[in-house]
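Remarks on the structure that follows.
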Amino acid sequence: VSLFLDAFTRCVRRGNRHAFCKEDDDAVDFVAAVANLRAFVFHIFPLQSVEEIRSIAGAIVPAIATTNAIVAAAVVQQALCVLGMKETTCRFGKPQMVYVRRVPQVRRRPFPDPCGCNIHVAHGSDRKGDSSSDEKTGKKNDAIQKRWATDLFLVHSAPPSLPSSNCLVCREHYPTVRVFLDATHTTLGQFLCTVLRERLSMTAASVFCGANVLYEEDEYEALATTPLADLMTAADRPLELLVDDLNHEVEWRLVVNHIPAMEGSDAVKLEGIDAALQLEQKLVADSKKNAAAIAAAENDNGNGDRVVPTKTGGVENDDEDDVVDSPSLNVKDAAAGNRATVTVVLSDSDGDDVDVVEIE
C-alpha cells in the first residue's frame, strides 16, 4: 500500500502524460504495487518483486485499465450478492444487472483531487521541465494545475427484468417427457445411451439436476457408473432432470420414475414425446415472432420513421433532425428509482489533453 501511494503521488506530480515504458521507475513501481494488491485480494501467492513485474509488464499493461477489467470487478461484486442469497442475514444487496453505455451527452468538468494530497504542479513543467516565475517579482510561482475530466461512459446497475414467457432461456415452460425404468439397475451412463441418444436423438447433451451438473460432453464421466436411484432424493419421488442438447433449441425436462423389476423390451418406457416436440416448435416460433416484433419496434418510432443511433448515444429520426431521448437515459432513471449503485471510476483517454472519468 505504501508503494502504491508513493508511486501514485510521483506519477501525478509530473503534471503531464507519459506512455508506459519499462525503464520508467515511477510507472513500474505503480504497476507492481497494483499487481501485488490485486494478487493479495484474490489470494494469489507468492507476491512478485518489482523487477519480476518489470520483466513482464510490457505484456500486461495494455490489459489493465480496460472496460473489461471494470466489468469483471462488477461481476465479482454481483457474485458475492448471489452467494449471499443463501444466508439469512446477507450484508450484500440483491443481485443487479450491470450495463456499460456511452453517456447521452459528453460533458467536461474540473478533475477532482483523487487522494486529497494537495499535489502542486509548477506552471509550464509539463513542457519545459522547469517551473515558471513571476515576471515582476522573479519569485517561483507554484500552483495547483487545473485539469479537466470528460465523462464518456456510464457503468450502472439495474434490477433484473422479470422472466419472459417468450424467452427460450428464462421461461419456466419446458417440453416434458416422463421416463419409467428400474432406477436401481440403470446407471447414468446407460440412461444417456439408451434414453437420450437412442430414443431422443440427443448426441451432445448436458444433464442438470437442480443446480448440479450431472453430465457434460467429455466431462463428469466419473458419475457414469452411478445408479439413478442414488441420485434420487427419495425412493418414492421421481428424479427431475433438465437436458440441454445441440440438436434442440430449448431445454427438455425429463421426469424419471422408478419402477422395480422392469426388464427386456419393457425396460424403458417414455411418455409425452409427441407433445414435447410440438411444444418445442411452438416455443421456438413464439420466440422468433417476439424477436421480430422487438426489432421492428426498435427501428420504427410509431410514425413510420426509422430510428437510428447517434454518435453521442442518443437516437434520431432518419427523416427529421429532432433528437429523442436516449435509451440509456431511461435505463439510468429506472436504475435510480430502484436504488442502483453509482460510483466514480478514474480512467484515461487517447487524447493528448483529455482526462477521462468513467462513472459507474
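In terms of packing, defined here as the mean over residues of other Cβ atoms within 10 angstrom, the peptides 182-194, 32-44 line up highest first as 182-194, 32-44.
For the pair Thr89 and Ala267, a Förster radius of 45 Å applied to the C-beta separation gives a FRET efficiency near 0.35, rounded to the nearest 0.05. Across the range 195-225, the residues whose backbone nitrogen lies under 17 Å from the label position 7 Å along the beta-carbon direction of Leu242 are 205-217. Its Cα gyration tensor gives the range 176-284 an equivalent ellipsoid, and the semi-axes of that ellipsoid, as √(5λ) in whole Å with the largest first, are 21, 17, 13. Here the range 176-284 carries DSSP beta bridges of which approximately 75% are antiparallel, counting only pairs with both residues inside.
Laboratory data are not the source of any read-out in this text; all were calculated from the coordinates shown. As the structure is a computational prediction, the values presented were derived from the model and not from experiment. Glycine also receives a Cβ, built like all others from the backbone with ideal geometry; neighbour counts cover every protein chain displayed.
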